[in-house]
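Quick one: the structure is below, and I'll ask about it shortly.
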Amino acid sequence: MPKHFYKGLELEIKGRVYEPREDSELLAEVVEAEVKKRRSPTLFDLGCGSGLIAIAAAKAGAVVTAVDIDAGAVELTKRNAKANSVTVDCRVSDLFSKVRGKFDVIAFNAPYLPEAIVKGESEAWAAGERLEVIRRAVEQAKHHLKAGGALLLVVSSLTGVKEVGRLLADNGFKFERAADKKVPWEILYVLRAVL
């Protein structure tokens, strides 16, 4: 049974796919604003999950490519995009491995919690030892951004925002906090990074 999420979008959630929460909604708001200020924007949704970010971006006017390493998530995004009357190019890919080309916006609601915090819990939250998932994404993203493009990355006060900032800087990005939201156990941030 579809559930209503962000601005009335109906999403089916199944299996191990991450169910949208406050972090997803915060990123969706920033993505919509970023897309609306661009002309004929292209957006790459990295780790699409149920498709919330991809669908919100498409509704805001972007041409969207969405990937996830989980084939079940990709199928779910396809169904949810169709149910919400938008077109999204969905693919199974480990980060950028199956994608060519450059995009105006790359959005990543990363698994941002350090391994020590989520040990034994869902992979949907685990960034790996030394935040390796975020590290790999940032290192690859710089090769897939158009001139003037932006990487929008969700992190948490539990992630180590300074560490992520250093990682961005080491890869040639300048960044700012585009949005933040306090929830009971952490502060969520969307970092906007440009080359």
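Read-outs: derived from the displayed coordinates by stated rules, not from any lab. Nothing here was measured: the structure is a model prediction, and the numbers come from that model. Every residue, glycine among them, receives a Cβ derived from its backbone with ideal geometry; neighbour counts consider all protein chains shown.
Give the lysines reachable from Lys14 as a straight Cα distance under 19 Å; neighbours fewer than 8 places away on the same chain don't count.
Lys3, Lys78, Lys82
Separate question: Among the lysines, which fall within straight-line cross-link reach of Lys162, defined as a Cα-Cα distance under 25 Å, with same-chain neighbours fewer than 8 residues apart omitted?
Once the sequence-local lysines are set aside, what remains near Lys162 is Lys119, Lys142, Lys174, Lys181, Lys182.
Could I ask something else about it? May I ask what percent, to the nearest 5, of DSSP beta bridges between residues of the range 41-102 are antiparallel?
The answer is about 0 percent antiparallel.
If you find the alpha carbon centre of the range 71-97 and of the range 9-48, how far apart are they in angstrom?
The distance from the Cα centre of the range 71-97 to that of the range 9-48 comes to 12 Å.
Run the dipole for the range 21-194 about the Cα centre, Lys and Arg Cβ at +1, Asp and Glu Cβ at -1, nothing else charged, and hand back the magnitude in debye, nearest 20.
Value, rounded to 20: 740 debye.
Which order, highest average first, do 65-75, 161-171 follow once you tally other Cβ atoms within 10 Å for each residue and take the mean per peptide?
Order by mean packing, descending: 65-75, 161-171.
At a threshold of 8 angstrom on Cα-Cα distance, excluding pairs fewer than six apart, so keeping six or more, what relative contact order does the chain reach in percent?
18
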